[in-house]
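Below is one structure, written out as structure tokens; comments come after it.
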């Protein structure tokens, strides 16, 4: 984590004008801080020297105006930083979701749904602290000391030198401290996350724990692990806070040094009251923003951690679809030749050197134990992943030419995708009507065509019926048949079916299989995965993995 | 302790400002240096003292915050272990649960971020006011007014705007999350059908709506800080006026005036930190409310004051006139009477929504019966479940739910929780009986392989087998199976159920299910719908 992450500003282009405004506002604030100190010092000195309110009015008016202007600047800074935060979050969120949805289409990496949702929601919201507190403070930390030093230079050289010499020590110390504690901070953060995760796991699994009489025992385990964490953390904190003690003391002592020095020189008559007051008002202002920037940095750490997680996702390489070749549009055949795919955490590839073909107009059913790689075979054809060994090729015809065996990776991805009808085990359904969900496959389909494909898929439902959130208003069997109807609507030369008849009664299964046979009769190549004896029996060939 | 240290630390920094002002103003009168020595020493003492005190305060405060976190978590787990799954009401769903856990963690540093600074500020401000009153009563009054405005009114305005902004944003956020999950779920299909971009742009327009709401709310949220600044200014001007008139009639000397004017500046620096802290209050109050709801929830099932002795020998189960339902809901199943002999396998079959899971929870005494009794029948007598101590009950009965929770730990730890005293041989046998040996063999770390969050490196069937291995290891003579094959495809469901019933032969089993077709033909079936 860096204090200013350049990736953040490169990626979120909308942040530039806001950043500029923050700098302008910060500079104006710094100038007003100096003006205010000057007015107060003059006013106090004048009252003391003249023993009364004589000549005070213009100074008070000036003071009121300055503070009024500072109030407006405070408000404006807040507005600008919140806008910046909202704009950057929105931009990052859009990019994140765009990338995540493309990664989610890849089954090997799709398991990060909850993580992405959390990140796009509350995760990025943690950036508010970064934009509304840390960044404006960072600007002030640079601008205020400069302006203050310039002003001090005009009034008192000795004080200026004291401040100018001690001031740089603070960032230097902060960097040293940061380097010394960064590793332990990261470890602590990691442990804290793990503890939180462990706690959630216990709360979620409580019925199970209780059923085995382990409910109360867990409370002791939670106490033990959190206590252990507390004692190790306090050990690191003692050192981490020690460093900020040094910083704080350094800043305070520098101010004290200036104040005492000024006082002594005034006793000697080398300095007038107004200058003395101005110096002790301004000197702390030079240190204040620098000290606060450290505090705000910690407050914005959560936001920066979220940004790190977001960039990790944004920098995940995408499956490259660089192929240019035209895909066959009819009489399409496919062939797997010695195909293996490795999975993380498993010794055996699945599938392991699988070879099979599906000719145009043929129905092939793949069977095998769960985990043998049946669904993976389909994902290879969908272009969601590539084989670690072997070749997946297609052949067939376009309108004007014949296409010989071509690797799936060499095909133009978008064109190839248009040749596939696919029914997943859990077909996607968005809230809306059945018709809306079917037309995803072909937006210009007429109502009559929708009724026809629904009929083919053995589903006698009104296309205008609402399907509910995630298709909840449909039964699992209805949902699967709706998915099949959608695939049929596409009229593609290749049909991929993952457990198309699971959970269906015998009569409905027969309807579905009739529809599948009818597709094959039209010359469509059908590859399906199934366990059901009747479904397997309806295939032309059965391949076991 | 932390409040005391914090007050001393903040007090030192205010005092530092006051003494410095006095020192300068006094020095201007050019007294002998000796007269300044006390002030010079004081400046140095306050300077060093502030840093040291602040260090001590932070250590104490963080330690306390960790202790609070530990106590809160332990309290929640203790309470939860008496409530879950029966009395948790709306908290049953995963996302709400995650938010609840976040509430607990957020509350733990509530007082480091909000309460401690507030207490410290109030104490230091009061101290400063008292000091000014001694110097010049009118100046004390001015500080009292301006600090009150900055301490109470400014945070109140900030809180009002921030909670209004949250209320306006919430619906757009909710809609966004819903649509996002839908899109991520269907990403593969949407991408295949070329509809992904369209869905993403719909998502973007919701986000755009949220962004506009957020931008609009920014106009209000800076008002609190601006008001704090204005009250400082008003106090400063008023302080100068009263001090000037006091000095004119000799009630105040020069150094006194410098203190009167500059001390409030240091106080306001402290007070200004309250407004940002206050904006977190509405959120924290909501968290506290949700937490109290759980901590104050009454027990779902009362433990017997004097528990009965657990029956021994082979155990059967007797249901007599049993009505089941949720504590504040209707009766779902009525007048169930049934004798299950020791070692017998019985299926209780009924359609979805009939109350089967409620029945299973009642049989496990997670819920009390609406009326009637469940009795454990042993060779030396019978005892109603309601008269057994929790520990005895759990030793006698075990349970496997429709989606058994798999903890993010190793396979061995997940199974061993059923009986931590079990040795490695027994563990191995339980895993083999549940037919997980193949999974173990396929992993590099074998039994000690991590199963992932919610067991997500396993298939649904494998997860149910983990639950079976627990039941096998537990040695409990009576087992309740609640839809153990739900969410599995037909072939896996059949295989898992067959293995379960085989593994549990000799034990008393009550299987609650809606899948009559999966049952072995010779099993005794009770139709709950009849």
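The relative contact order of segment B:418-530, computed from alpha carbon pairs under 8 Å that lie at least 6 residues apart in sequence, is 28 percent.
Cβ-to-Cβ counts within 10 Å put B:81, A:322 in ascending order as A:322, B:81, the fewest first.
For segment A:330-544, just say rounded, prolate or oblate: build the C-alpha gyration tensor, square-root its eigenvalues into a ≥ b ≥ c, call rounded for a/c under 1.5, and beyond that prolate if a/b exceeds b/c, oblate if not. Verdict is prolate for segment A:330-544. Counting only other chain Cβ atoms within 10 Å of each residue's Cβ, the peptide A:270-280 averages 4. Temperature 37 °C, viscosity 0.692 mPa s: under these conditions the Stokes-Einstein estimate for segment B:316-527, based on its Kirkwood radius over C-alpha pairs, is 186 µm² per second. Fully extending the segment from residue A:534 to residue A:20, taken as 0.36 nm per residue of separation minus the present Cα-Cα distance, adds 178.1 nm. Per residue, the Cα convex hull of segment B:312-438 amounts to 153 Å³. Compute log10 of I(q)/I(0) for segment B:2-295 with the Debye formula, placing one identical point scatterer on every Cα and leaving out solvent, at q = 0.11 Å⁻¹, to two decimals. Debye curve over Cα of segment B:2-295, log10 I(q)/I(0) at q = 0.11 Å⁻¹: -0.84. Both radii are taken from the alpha-carbon atoms of segment A:227-336; with Rh as the Kirkwood radius, Rg/Rh is 1.48.
Between the Cα long axis of helix B:137-148 and the first principal axis of chain B there is an angle of about 30°, rounded to the nearest 10. Once both axes come from the Cα atoms, what is the angle between helix B:2-28 and the longest principal axis of chain B, in degrees from 0 to 90, rounded to 10? Approximately 20 degrees, to the nearest ten. The modelled label-to-label distance between residue B:285 and residue A:425, using points 7 Å beyond Cα along the C-beta direction, is 4.8 nm.
For chain A, the spherically averaged projection of the C-alpha convex hull amounts to 36.9 nm².
Stokes-Einstein, applied to the Kirkwood radius of segment B:223-315 over Cα pairs at a viscosity of 1.567 mPa s and 4 °C, places its translational diffusion at 68 µm² s⁻¹.
Taking the Cα centre of each part, how many Å lie between segment A:8-70 and segment B:329-358? Each part reduced to its Cα centre gives a spacing of 77 Å. Pairwise inverse Cα distances across the protein assembly as shown, averaged and inverted, put the Kirkwood hydrodynamic radius at 33.9 Å.
The translational diffusion coefficient of chain B, from Stokes-Einstein at 25 °C and 0.890 mPa s with a Kirkwood hydrodynamic radius over alpha carbon pairs, comes to 84 µm²/s. Highest mean packing first, where packing is the average number of other Cβ atoms within 10 Å per residue, the peptides A:219-230, B:20-31 line up as B:20-31, A:219-230. For B:344, A:499, B:390, the sequence from fewest to most other C-beta atoms within 10 Å is B:344, B:390, A:499.
Once you sort the root eigenvalues of the Cα gyration tensor of segment B:10-57 as a ≥ b ≥ c, which label holds: rounded (a/c under 1.5), prolate (a/b larger than b/c) or oblate (the other case)? It is prolate, given that a/c is not under 1.5 and a/b is the larger ratio. Peptides A:441-453, A:264-276 ranked from most to least packed give A:264-276, A:441-453, packing being the mean of other C-beta atoms within 10 angstrom over each peptide's residues. When the alpha carbon gyration tensor of segment B:262-322 is reduced to an equivalent ellipsoid, the three semi-axes, largest first, read 60, 14, 9 Å. Spherically averaged projected area of the convex hull of Cα atoms, segment A:311-408: 7.9 nm².
Legend: ranking of residues B:351, B:105 from fewest to most surrounding C-beta atoms inside 10 Å; resulting order B:351, B:105.
Between helix A:15-50 and chain A there is an angle of about 20 degrees, using the helix long axis and the longest principal axis of the Cα atoms.
Quick note: the coordinates plus some simple rules give every number you see, no bench work behind them. Predicted model, so just to flag it, every value in this text is computed and none were measured. Using ideal geometry, Cβ is built from the backbone for each residue, glycine included, and neighbour counts are taken over all protein chains shown.
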